[in-house]
Amino acid sequence: MPTLKFPDNFIWGASCAAFQSEGAWQADGKSESIWDRFCHIPGNILNNDTGDVALDFYHRYAEDARIMKELGLRVQRISISWPRIFPEGSGRLNQKGLDFYRRVVDALLENGVDPFIMMYHWDLPQCLQEKGGWLNRDTAGYLAELAGTIYEAFPKEVPLWGTILEPQICAYHGYWDGKHAPGMRDFSSALLAGHNLLRAHGMMVDAFRASGTKGEIGITNYLPSHYPLTGCPEDIAAARRWDGCWNRWFLDAVYKGRYPEDMQQWYLNHGIVLPRIHEGDMQLISRPTDFFGLNYYYSYFIGHGQDRWPLEVNSVRPADREYTAMGWPICPDGFYDCVMRCWRDYGKKIIITENGAAFYDELTPDGQVHDAKRIDFYKKHLAALHRAIEDGADVRGYLTWSSFDNFEWALGYDRRFGLTYVDYETQQRYIKDSGRWYAELCRSNALEVD
Ligand code: FCB
């Protein structure tokens with residue numbers, strides 16, 4: 001059985017997010033977020049699940065920090081619930097909200113787990129949505145105000161910082177296909193929302209540098225690989241377009257300071273209104289960051305077709321792949337390609353900020369979860385990552401999604417991603433086989449492959 005050794009000081013960790021885990025949606029002065037509002041409208045979420053209680057991390061963070069230690073994590077990513085800190089979106093600070101994150105950071109540190117704080121993982125205060133949400137340029141400045149407050153609260157305790165989590169998911173599911181809050185359906189609006197999210201990212205980087213806060217900062221993008229279905233030019237062009245929409249649009253803006261020409265032209269030809277770029281916007285968006293945050297789950301197989309206006313593509317699910325409970329094809333080769341491509345095209349050191357798989361896990365009567373498929377998923381993806389590192393990609397760390405089962409957005413609690421099983425009835429936690437396996441991986445810094 002070969003052993004794949006990872007670089008010294010490789011950062012092993014896991015991620016979670018405020019809305020997906022905290023619950024306590026009205027506790028201690030928190031106001032409503034767009035996700036609270038969205039979940040409370042029947043029909044938006046599978047089984048009409050909500051984030052009202054989630055896994056009650058708000059009250060159980062101390063126990064959960066101990067579990068994170070047991071999982072062997074060197075780093076745990078959390079996110080900040082904006083409406084806990086600024087219930088009116090900006091201006092009046094809710095000290096009790098900030099105190100909660102103080103307790104969480106302390107609990108992590110006491111357990112030897114470094115916090116990684118993601119500033120925005122999608123739970124915008126509803127009151128700001130009423131002022132236009134991400135279509136309002138001012139929203140970016142309000143988020144920078146939140147970031148400034150958090151930097152000031154944690155000047156040296158947090159080694160890793162994130163600005164925006166997956167601007168493409170936030171913009172496209174929130175404003176294009178309406179699957180996520182705030183549930184809008186207009187492509188031009190999605191591009192504008194994306195532009196303002198990226199401006200917020202740049203403003204948060206500026207605020208970070210100005211504050212003198214210790215640590216490194218970056219943005220995390222959602223980056224599938226995209227393969228043409230055939231070698232015919234139409235399919236190749238379609239795959240490049242789909243990649244242009246999801247990946248290059250955001251990556252070129254952040255790392256090259258421009259939106260891709262070919263995509264701008266395509267959109268103009270399809271009657272899309274491009275975001276109005278004010279002077280200085282692209283410089284702001286492309287401020288140098290410290291690392292490249294990469295989230296990878298699966299790959300797309302794309303042909304030319306009539307779906308997904310205005311892109312004119314057709315996404316096919318290949319029959320020869322295995323699938324997770326999300327219906328996502330398992331593509332470790334796509335992970336390798338994605339990492340190599342990001343390294344080649346953007347040349348910045350990479351942290352894998354999410355990778356993982358949902359399966360329909362079962363808890364045995366004696367409290368075990370034998371999730372062999374998840375372990376197999378991780379092994380295959382980590383072997384691919386190791387190959388990318390051997391081939392020259394500068395990858396500094398890997399965070400799984402997720403330390404715990406949690407609220408999976410439009411799919412509620414139906415799909416489980418965790419290394420730890422959560423019984424939502426009793427709020428009991430059970431470390432899965434994958435969690436024990438991951439702890440050993442973190443300890444040994446080496447992957448045993450079959
Ligand atoms: C990512 C999100 C994360 C989680 C995983 C499965 O796109 O960042 O919150 O839902 O997908």
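The values are calculated or read from the model by the stated rules, or taken from the named source; none is laboratory data. On a predicted model such as this, the values are computed, not experimentally measured, just so you know. So basically every Cβ, Gly included, is an ideal-geometry build from the backbone, and we count neighbours across all protein chains shown. SASA here: full protein model, heavy atoms, side chains in, ligands and nucleic acids out. Shrake-Rupley method; radii C 1.70, N 1.55, O 1.52, S 1.80 Å.
Over all other residues within a Cβ to Cβ distance under 15 Å of ASN269, the charged ones net out to -2, with Lys and Arg as +1 and Asp and Glu as -1.
The relative contact order of the chain comes to 19 percent, based on Cα pairs under 8 Å that sit 6 or more residues apart. Convex hull volume per residue, computed on the Cα atoms of the stretch 164-214, equals 63 Å³. Largest GNM mean-square fluctuation across ASN94, ASN406, ASN269, computed for the chain with C-alpha springs under 10 Å, falls on ASN269. Measuring against 28 Å, Cα to Cα, the residue pairs LYS69/LYS96; LYS349/LYS380; LYS131/LYS349; LYS156/LYS349 contain LYS131/LYS349 as the ones spanning a longer distance.
For the stretch 43-115, the Kirkwood radius over C-alpha pairs fed into Stokes-Einstein at 25 °C and 0.890 mPa s yields D = 178 µm² per second.
Here the average projected area of the convex hull drawn through the C-alpha atoms of the stretch 1-73 stands at 8.2 nm². Globularity index of the stretch 296-450 is 1.14 (Cα radius of gyration / 2.2 N^0.38 Å, N = number of residues). Kindly provide the helix-only [θ] at 222 nm of the chain, computed as the sum of -39,500 (n - 2.57) over DSSP H runs of four or more divided by all residues, to the nearest 500 deg cm²/dmol? The helix-only estimate for the chain comes to -12000 deg cm²/dmol at 222 nm. Out of every Cα-Cα pair in the stretch 195-266, what percent are more than 17 Å apart? Roughly 54 percent, rounded to a whole number. Debye-formula intensities of the chain, expressed as log10 I(q)/I(0) at q = 0.06, 0.12, 0.14 Å⁻¹, are -0.23, -1.03, -1.48 (one equal scatterer per alpha-carbon, no solvent). Summing charges over all other residues whose Cβ lies under 12 Å from the Cβ of MET203, with Lys and Arg as +1 and Asp and Glu as -1, gives 0. Partner aspartates and glutamates whose Cα lies under 12 Å from the Cα of LYS348, excluding those fewer than 8 positions away in the same chain, are identified as ASP290, ASP394. DSSP beta bridges fully contained in the chain are about 25 percent antiparallel. Computed over Cα pairs, the Kirkwood radius of the stretch 165-310 leads via Stokes-Einstein (1.002 mPa s, 20 °C) to a diffusion coefficient of 133 µm² per second.
Counting only heavy atoms of the protein chains and using a 1.4 Å probe, CYS338 has close to 10 Å² of accessible surface.
Rg and Dmax, both from the Cα atoms of the stretch 409-450 and both in Å, are 13.5, 37. Mean Kyte-Doolittle hydropathy of 0.0 or higher plus an axial Cα length of 24 Å or more: which whole DSSP H helices in the chain meet both? Span-like helices in the chain: 187-211.
When we measure straight from the Cα of LYS379, which lysines land under 16 angstrom away, once same-chain ones fewer than 8 places off are left out? Correct list for LYS379: LYS5, LYS432.
Counting only DSSP beta bridges whose two residues both lie in the stretch 1-154, roughly 10 percent are antiparallel.
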